[in-house]
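Contents: one structure, followed by commentary.
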Amino acid sequence: MKLDELIEHLDYKDLINFKNVEITGISYNSKTTKPGDIFVCLTGEYTDGHEYAKNAIENGAVALLAEHAVDAGKIPQILVNSTRHKIADIADRFYSSPSKGINLIGITGTNGKTTVTHLIQKILEENGQKCALIGTLGYKLSSNGEYRDAKHTTPQAPELQATLRMIKDVEKIDNVVMEVSSHALEQNRVGGCRFNGAVFTNLTQDHLDYHITMENYFEAKALLFKHLSEGDFAVINLDDSYAEKFLSVTPEGVKKYTYGVKKDADVKAKDINFSLNGAEFTLVVRNKILSNTTPQDGESSYKVNLHMNGMFSVYNVLAAVTASIAMGIDVQTALKALENVKGVAGRFEVVVKKPLVIVDYAHTPDGLENVLNSAREITPEEGKLICLFGCGGDRDATKRPKMGAIAERIADKIIITSDNPRSEDPQQIITDIIAGLKNVNTETVTVEPDRGHAIALLKTIAGNNDVVIIAGKGHEDYQILKDRTIHFDDREEARKVFEGSVI
């Protein structure tokens, strides 16, 4: 693609040394820049891409997208107000707007995004449609396929647009369900993406190290809904305290659907029961939102039996079913798909039978509370609920004492350890967690900074009738320390400790 074609619709402020060179790729890391690339000088939290422009040129960059002129000889420079936002525009242009030919569904919220994307993928496949998934675990082209690596929950714009183009043209897949993080929305990584539908799961404290306030966090999430167009759909958790705000920012002409347990939503769950086998409930749907129901008043009811457990699983299923209804899929088809789902890797994943050891990705106050409440529902009367967790370093520190307080309140015993400490002192993170406890009693509270050693302690702490939640890392198979990243998988560690009782 010629440079003039790439920037034809770009809102730039100046051109320097313009030459109509051939652009064969987009890069923003000078180390991986290839001959023919346009190098985007991204300004981030820790680095400034302008400082690496010369390195990119040495590696073959033929043009720069920058916020200010750099000393780069006679190479063309396109100056814009924000490279972080404009990289999405040129990526969309370079890959010929792949999302416009795809049924693209975005899922956003603090918790539940990963599970909901997997559930919607399953439903679409049950309905005879191919569906690709993009999210925390990477991307995959079918529910039975292998995950392919992704660096972020939502990839940077060039990788995202390239992936969408590949899904559409090479794999011939017309449906994509994608996790959309608040960072990706605020940083415009999904700029240029044409979403046909958006799903909101919930909004609770997380990422305040980045967003600073809950209002900023909401505004970032809300961008997904604000950019919907007439004929698109929005699915919103009516039980969440931010539901009305999301409904109010969704444009006129967008079809709005609500789900919930506590409030009078379009799609509801009632008569909910939990057991070791999973969750059971009655699904109640307003007839007016069903495409194949007459009369349009009244409600239709369906019995649901899940292999998944916990109230959060009920909400995730409601979100997925409501999205499928919005896409015109029969409810019975959706439920058939969901009743066969065993769960998602690292989400309330049972890894040991006796004691019952469950690994979960919960790393926020709300997430931990939901998981522990769900575990409490299936803890035998004669058993104890044990929670092993830590908090990540270089992340929102205000949630640490809150998570400590939640664990102390719901669990019978807690083991406080490290998560991904990153550059922080693990002991300081633990001290922050302990600040939320009312009583540091060695009978109920154990501190072990080494996560591997902490999991090994379960052998002596947990009895056969106990339920253990290992929270925070879920599917992750690594641990980020101050000076290196090591292989570490909570599931592997737990299975090693309880070898005779592995699922």
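We did not get these values from a lab; they are worked out from the coordinates using the rules stated. Computed from a predicted structure; not experimentally measured. In this analysis, Cβ positions are derived from the backbone assuming ideal geometry, glycine residues included, and neighbour counts consider all displayed protein chains.
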Count charges around Asp266 for me, please; just the other residues with Cβ under 12 Å from its Cβ, Lys/Arg as +1, Asp/Glu as -1.
+4
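Using alpha-carbon pairs under 8 Å, 6+ residues apart, how would you state the relative contact order of the stretch 193-313 in percent?
On the way: 203 pairs, mean separation 20.9, N = 121.
Contact order relative to length: 17 percent.
What order do you get for 189-202, 464-477, 20-33, 296-309 when each peptide is scored by the mean count of other beta carbon atoms within 10 Å, highest first? Spell out each step's value before the answer.
Details: 189-202: 24.6, 464-477: 21.9, 20-33: 17.2, 296-309: 14.7.
Ranked by mean Cβ neighbours within 10 Å, highest first: 189-202, 464-477, 20-33, 296-309.
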Calculated FRET value between Lys353 and Asn373, using beta carbons and R₀ = 30 Å, to 0.05
0.85
Mind checking which lysines have their Cα closer than 17 Å to the Cα of Lys19? Skip sequence neighbours fewer than 8 apart in that chain.
Lys2, Lys74
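Longer than 20 Å from Cα to Cα, which of Lys168/Lys256; Lys172/Lys255; Lys130/Lys172; Lys130/Lys268; Lys262/Lys336 are they? Say none if no pair is. Provide the component values of the computation, followed by the final result.
Details: Lys168/Lys256 27 Å; Lys172/Lys255 28 Å; Lys130/Lys172 9 Å; Lys130/Lys268 28 Å; Lys262/Lys336 25 Å.
In this structure, Lys168/Lys256; Lys172/Lys255; Lys130/Lys268; Lys262/Lys336 exceed 20 Å between Cα atoms.
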Taking Lys34 as the anchor, which aspartates and glutamates have their alpha carbon closer than 17 Å to its alpha carbon, excluding any fewer than eight residues away along the same chain?
Glu22, Glu58, Glu159
Neighbour-count ranking [beta-carbon atoms within 10 angstrom, fewest first] of Arg422, Arg400:
Arg422, Arg400
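Share of antiparallel DSSP beta bridges in the chain, in percent to the nearest 5? Before the final figure, lay out each step's value.
Numbers: 31 of 79 bridges.
Counting DSSP beta bridges with both partners in the chain, the antiparallel share is about 40 percent.
Greater than 28 Å separation of Cα atoms is the criterion. Which listed pairs, Lys122/Lys402; Lys303/Lys402; Lys245/Lys270, meet it? Kindly include the intermediate steps, with their values, before the conclusion.
Values: Lys122/Lys402 35 Å; Lys303/Lys402 37 Å; Lys245/Lys270 25 Å.
Among Lys122/Lys402; Lys303/Lys402; Lys245/Lys270, the Cα-Cα distance tops 28 Å for Lys122/Lys402; Lys303/Lys402.
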Rounded, prolate or oblate (a/c below 1.5 giving rounded, otherwise prolate when a/b exceeds b/c) for the chain by Cα gyration tensor:
oblate
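For the ranges 479-487, 413-421, what's the packing order if you count other beta-carbon atoms within 10 Å of each residue, average per peptide, and put the highest first? It would help to have the intermediate numbers written out before the result.
On the way: 479-487: 11.6, 413-421: 23.8.
Highest mean packing first, the order is 413-421, 479-487.
Run the helix sum for the chain: -39,500 (n - 2.57) per DSSP H stretch of 4+ residues, divided by residue count, reported at 222 nm to the nearest 500 deg cm²/dmol.
Details: 16 runs with 152 residues, N = 503.
Calculated at 222 nm, the ellipticity per residue is -8500 deg cm²/dmol.
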